[in-house]
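These notes concern the structure reproduced below.
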Amino acid sequence: QVQLVESGGGLVPAGGSLRLSCAASVRTFSNYHMAWFRQAPGKEREFVAGISRSGGTLTYADSVKGRFTISRDNAKNTVYLQMNSLKPEDTAVYYCNGARFIYSDPKRYDYWGQGTQVTVSS
């Protein structure tokens, strides 16, 4: 069973930055495309960003383009999300996940970590 541990969340003012990390315990991390999702209170979980196995292909939700950057370190089994110019509407619990494809539908993933809370104050 895959274990995903997200970290790096916190409380920041609008315009601030945070860097999230997600450590995955899988046999071959480089076999998985990885993605970040988020879920705000009362809302469904939504796709934020995705990265291919080698890191060569990146995809972003329109709401975060130009502000967030996804990256990965296959030697460390870790995927990152650098978040700049944060807005109050970015407030959510952030989750990562991995699969054989970059699925934007969170229902395509079986296991989830505990997530990390990001709160952006106005």
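Side notes on the structure shown:
- Ligands, DNA and RNA excluded, the heavy atoms of THR116 present near 20 Å² of accessible surface to a 1.4 Å solvent probe.
- Of the GluC sites (Glu not before Pro) found in region 1-46, those that fall in a DSSP loop while having at most 16 other beta-carbon atoms within 10 Å are GLU44.
- Cβ-derived FRET efficiency at R0 22 Å, ARG27 paired with SER54, nearest 0.05: 0.80
- Sulfur and carbon atoms: percent of accessible area, the chain [1.4 Å]: 47
- Descending principal axes extents, region 79-122, alpha-carbon based, whole Å: 37, 18, 17
- Computed extension gain for TRP112 through LYS76, at 0.36 nm per residue and net of the alpha carbon distance, reaches 11.0 nm.
- Rounded to whole numbers, the Karplus 3J(HN,Hα) couplings from phi for region 35-46 are 8, 10, 10, 8, 9, 8, x, x, 10, 7, 5, 10 Hz, using 6.51 cos²θ - 1.76 cosθ + 1.60 with θ = phi - 60°, and x at Gly and Pro.
- Ranking of ARG27, ARG108, ARG67, ARG53 by solvent-accessible surface, largest first: ARG27, ARG108, ARG53, ARG67 (1.4 Å probe, protein heavy atoms only, all chains present).
- Lysine pairs in the chain whose alpha-carbon atoms fall under 24 angstrom of each other, counting only those eight or more residues apart or on distinct chains, come to 5.
- Averaged over its residues, the chain has an accessible area of 53 Å² per residue, based on protein heavy atoms and a 1.4 Å probe.
- Of PRO41, PRO88, PRO106, the one that fluctuates the most in a GNM where the chain has Cα springs shorter than 10 Å: PRO41
The values are calculated or read from the model by the stated rules, or taken from the named source; none is laboratory data. Just so it is clear, the model here is predicted, and its values are computed rather than measured. FYI the Cβ positions are ideal-geometry reconstructions off the backbone, even for glycines, and counts take in every protein chain you see. When the accessible area is computed, the model is the full protein with side chains, heavy atoms only, and any ligands, DNA or RNA have been set aside. Shrake-Rupley method; radii C 1.70, N 1.55, O 1.52, S 1.80 Å.
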